[in-house]
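Right, one structure below, let's go through it.
The values are calculated or read from the model by the stated rules, or taken from the named source; none is laboratory data. The shown structure was predicted, so the numbers you read here are calculated from the model rather than taken from an experiment. Note: ideal-geometry Cβ built from the backbone for every residue, glycine included; neighbour counts use all protein chains shown.
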Amino acid sequence: MRSLFFIRLALLNTFKKKLRLALALAGISLTSGVIVLLFGLQMGLKNLVDTQVKNGQATNVVSVTLRSSNAVKLDEQRVSSIQSISGVSDVAESVGLLSNAVYHGITLNAPLYAVSSNYFALNPPTTVQGATEQQPADDTIVVSTTVLTAFSIDPKSAIGKEIKLSINLTPDYVRTIDKETPTKTKSYTIKGVIDRGNLPVIYASIDSLKDQGLSSVSQLSLQLTNPDKAPSVREAVERQGLQTSSIQDTIDQINKLFAVINGILVVFSIIVFVITVTATFTIITLTLMEETQQIGFLRIMGLRSSDVSLLFVIQSILITSLGAVMGIILGTVGGFILNGYARALAASDAFYGEISVFVLPTGQIIIILMLSVIIGWIVGTIPAKRAAQLNPLEELYS
């Protein structure tokens, strides 16, 4: 009963000056909310990168592309030279082309990637149906779910269906004598269905197109014996007039972003501490000045000095805890709004899985709640001691 009385009295005193309380809570909740939002963004971005790495290109894979299609060619001789570089264990070839796909009278102009059979081993996709291992082969293709949607094909029944393809060989990638070779139409069997977001993409065998005159490619995927070999391999490839990239480049950029966010978190943590201490100390001190008669009355009624101290500490903890809870709610709502916005913006991009740039930082939330209680107790101690030292008779008649 005694504890309940203190809590009720602390609540009455705390909410008596609503404007002053609102200003204190606004400062505490705003800074707490920003910290929750930043920690959540940090975790969300890290998880997003990890997801893309696990489902996309691995850290031991380096991509090789042309600086200019009219300069160095990625022909068989160049590919063989790159494959012989120390640290390279496997090479997958790919080239982007245009195709005209026909299924039951429905025509679709879609980008087509001619790839080697080991391409998906080095660039693992999200497989929906069928298989991608050692695919595509001579007369088989792998398609994205968006292609099936355009043809009104159920992904569950897509495997084994035939699509007629007319593949346009870009002059930059064919032998000179074959540049006038007419486009050939051929039937291909669907062997695998993958998720590429809203992108309608078809993958066909590069070997079958080499028979039609394809002599070079636009991109290579190099599998390394060890990720530590990446710098030396990339240097050797770039000396040949090519450019390289790796998922590690993205990870490095994200790590730099995380370092910036961590710096911001430190700054805001200091700000929230200063604001919390200042606002709460001011509220409790002003309450002490305005409630001296109440304190004197309570002391005469039998309230001990320690009880008066406890009353002010409870008020301080109430303010900091309430502000922290409001801030956590504010930061969480803001984070989930950003998730929705990010998903809307990235709806047409080829991301693996659901995009979440914000993840609820449970551990940080628990720390914030614990700190709010500790800070409230520390800040309330000074005015609590002053309140306990007041002369009850003097304050009652002041």
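Residue by residue through segment 242-263, note down the ones that are touching a strand residue (DSSP E or B) at 6+ places or on another chain (Cβ under 8 Å) and within 13 Å of residue 42 (Cα to Cα).
Once the filter is applied, which keeps residues that are touching a strand residue (DSSP E or B) at 6+ places or on another chain (Cβ under 8 Å) and within 13 Å of residue 42 (Cα to Cα), segment 242-263 yields nothing.
Is it fair to say residue 81 is modelled with pLDDT of 85 or more and in a helix (DSSP H, G or I)?
Yes; evaluated as a whole, the condition is true for this residue.
Could you give me the residue pairs with C-beta distances under 6 Å whose first residue belongs to segment 330-346 and is closer than 26 Å to residue 28 by Cβ, whose second residue is part of a helix (DSSP H, G or I) wherever it lies, and which are 6+ apart or on separate chains?
Between residues of segment 330-346 that are closer than 26 Å to residue 28 by Cβ and residues that are part of a helix (DSSP H, G or I), the close pairs are 330/29; 330/33; 331/33; 331/36; 331/37; 334/37; 335/37; 335/40.
Being surrounded by 13 or more Cβ atoms within 10 Å (Cβ to Cβ), within 27 Å of the chain's Cα centre (by Cα) and either without any contact (Cβ under 8 Å) to a residue 24 or more places away in the chain or under 26 Å from residue 368 (Cβ atoms) (or both) narrows it down to one of 261, 247, 251, so name that one.
261 is the lone residue from the list that is surrounded by 13 or more Cβ atoms within 10 Å (Cβ to Cβ), within 27 Å of the chain's Cα centre (by Cα) and either without any contact (Cβ under 8 Å) to a residue 24 or more places away in the chain or under 26 Å from residue 368 (Cβ atoms) (or both).
Residues to consider are 181, 189; find the one that is of a type in the set (S, T, N, Q), in a loop (DSSP other than H, G, I, E, B) and either over 14 Å from residue 112 (Cα atoms) or at pLDDT 80 or above (or both).
Of the residues listed, the single one that is of a type in the set (S, T, N, Q), in a loop (DSSP other than H, G, I, E, B) and either over 14 Å from residue 112 (Cα atoms) or at pLDDT 80 or above (or both) is 181.
One line per residue, one yes/no per condition, for (1) modelled with pLDDT of 80 or more; (2) surrounded by 15 or more Cβ atoms within 10 Å (Cβ to Cβ):
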| site | (1), (2) |
| --- | --- |
| 304 | no, no |
| 307 | no, yes |
| 315 | no, yes |
| 320 | yes, yes |
| 343 | no, no |
| 348 | no, no |
| 352 | no, yes |
| 355 | no, yes |
| 361 | yes, yes |
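Could you tell me which of the residues 237, 260 is among the aliphatic types (A, V, I, L, M) and either closer than 29 Å to residue 74 by Cβ or assigned to a strand (DSSP E or B) (or both)?
237
Which pairs turn up if I take residues in segment 99-113 that are more than 17 Å from residue 206 (Cβ to Cβ) and look for partners that are among the aliphatic types (A, V, I, L, M) and outside any strand (DSSP E or B) with beta carbon separation below 6 Å, at least 6 apart in sequence or on another chain?
108/150
So which residues in segment 111-122 are buried (at least 19 other Cβ atoms within 10 Å of the Cβ) and among the hydrophobic types (A, V, I, L, M, F, W, C)?
Of everything in segment 111-122, those that are buried (at least 19 other Cβ atoms within 10 Å of the Cβ) and among the hydrophobic types (A, V, I, L, M, F, W, C) turn out to be 112, 114, 115, 120, 122.
List pairs: first in segment 354-365 and farther than 20 Å from residue 343 by Cα, second aromatic (Phe, Trp, Tyr), Cβ under 9 Å, 6+ apart or cross-chain?
Between residues of segment 354-365 that are farther than 20 Å from residue 343 by Cα and residues that are aromatic (Phe, Trp, Tyr), the close pairs are 363/39; 364/39; 365/39.
Filter segment 211-234 down to the residues that are among the small types (Gly, Ala, Ser) and in a helix (DSSP H, G or I), then identify the one that is nearest to residue 331 (Cα to Cα).
Among them, the one singled out is 230.
Evaluate segment 121-139: report whether one residue or more is farther than 30 Å from residue 59 by Cβ and in a strand (DSSP E or B). Walk me through it before giving the result.
Narrowing segment 121-139 to residues farther than 30 Å from residue 59 by Cβ: 138-139.
Applying the additional criterion that residues be in a strand (DSSP E or B) yields none.
No: segment 121-139 contains no residue that is farther than 30 Å from residue 59 by Cβ and in a strand (DSSP E or B).
Could you pull out the residue among 108, 148, 98 that is part of a strand (DSSP E or B) and either surrounded by 16 or more Cβ atoms within 10 Å (Cβ to Cβ) or basic (Lys, Arg) (or both)? Full working, then the answer.
Numbers: 148 fails: part of a strand (DSSP E or B); 98 fails: either surrounded by 16 or more Cβ atoms within 10 Å (Cβ to Cβ) or basic (Lys, Arg) (or both).
Criteria check complete, one pass: 108.
Here is a check on your reading of the model: is residue 365 at pLDDT 85 or above and surrounded by fewer than 17 Cβ atoms within 10 Å (Cβ to Cβ)?
So residue 365 does not fit the description; no.
Among the residues of segment 76-94, how many are farther than 14 Å from residue 116 by Cβ and either in contact (Cβ under 8 Å) with a residue 40 or more places away in the chain or buried (at least 19 other Cβ atoms within 10 Å of the Cβ) (or both)?
7
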